[in-house]
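Down below is the structure, laid out as structure tokens.
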Amino acid sequence: PDGTATAPWELGDPTNGEGFEGAFAYALAETLGFAKEDVTWVVVPFDNSFAPGEKSFDIDINQVSFTADRAKSVDLSDGYYTVNQSVVALKGNALASVTSIAGLKGFSFGAQVGTTSLDTINTVIAPTTEAKVYNSNDDAIAALKAKQIDGLVVDLPTAFFVSAVQVENSVIVGQFAPPTGADAEHFSVVLAKGSPLTACVNAAIATLKSNGTLDAITKEWLSDKASAPVLAP
């Protein structure tokens with residue numbers, strides 16, 4: 001509730017099973033046949049999770065959006081959460097009252113390196129000021145607090161947490177609808193390339209969807225947490 005992290009985690013504590021991805025992780029483990037006490041957690045920086053090479057994990061649940069480029073280096077599961085990108089601003093900033101993508105272009109934005117959020121700034125917003133790139137979401141959030149950027153672009157679940165807990169007097173300006181005809185962006189579980197577990201994980205995700213567990217987890221931890229209107233063109 002106070003927004004503090006539990007070492008060595010940057011945000012919260014996934015081991016307690018609280019929060020959307022912590023709850024999903026344990027539900028996935030159970031569906032795969034593992035008890036909660038069988039799960040071992042390790043810290044993996046976001047960029048390292050889908051980089052080529054050996055992995056320190058069997059399964060990584062890290063809000064990693066599926067992209068074709070990432071799938072060249074690792075296995076990415078079927079989606080467990082369909083997500084839109086969004087903009088967070090301080091309430092006192094003129095950006096907070098913008099309702100369209102066209103209206104965003106004159107403001108400055110920042111995002112974490114290597115994310116689809118950064119892609120959204122560059123390709124969807126296409127602002128007149130070059131995007132500022134940060135090594136972590138924490139650095140980008142600090143820049144928003146310090147008014148070094150007008151807006152922070154993050155996925156919507158992260159925006160819920162940023163606006164509710166991490167940044168006082170902040171608001172979700174809006175979210176971006178998926179492009180017409182395009183596949184919706186979704187989070188995937190990350191596994192080593194060619195992992196024998198990938199098919200099992202996909203089957204488990206399908207089970208969690210069909211039996212209503214995933215919907216229940218989404219409702220408990222993400223629904224009705226913040227207002228996030230869809231930005232007009």
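For this structure, a couple of remarks:
- When ASP150, ASP155 are screened for being closer than 16 Å to GLY19 by Cβ, out of contact with any Lys or Arg (no Cβ under 8 Å at 6 or more places or on another chain), charged (D, E, K, R) and crowded, with 17+ Cβ neighbours inside 10 Å, only ASP155 passes.
- Applying the condition of being open to solvent by 60 Å² or more (accessible area, probe 1.4 Å) and among the small types (Gly, Ala, Ser) to the range 195-215 and asking which residue is farthest from TYR81 (Cα to Cα) yields ALA199.
The values are calculated or read from the model by the stated rules, or taken from the named source; none is laboratory data. All values reported here derive from a predicted model rather than from experimental measurement. For neighbour counting, all protein chains shown are included, and Cβ atoms are generated from backbone atoms with ideal geometry for every residue, glycine included. Please note that ligands, DNA and RNA were not included when accessible areas were found on the heavy atoms of the full protein model with its side chains. Shrake-Rupley method; radii C 1.70, N 1.55, O 1.52, S 1.80 Å.
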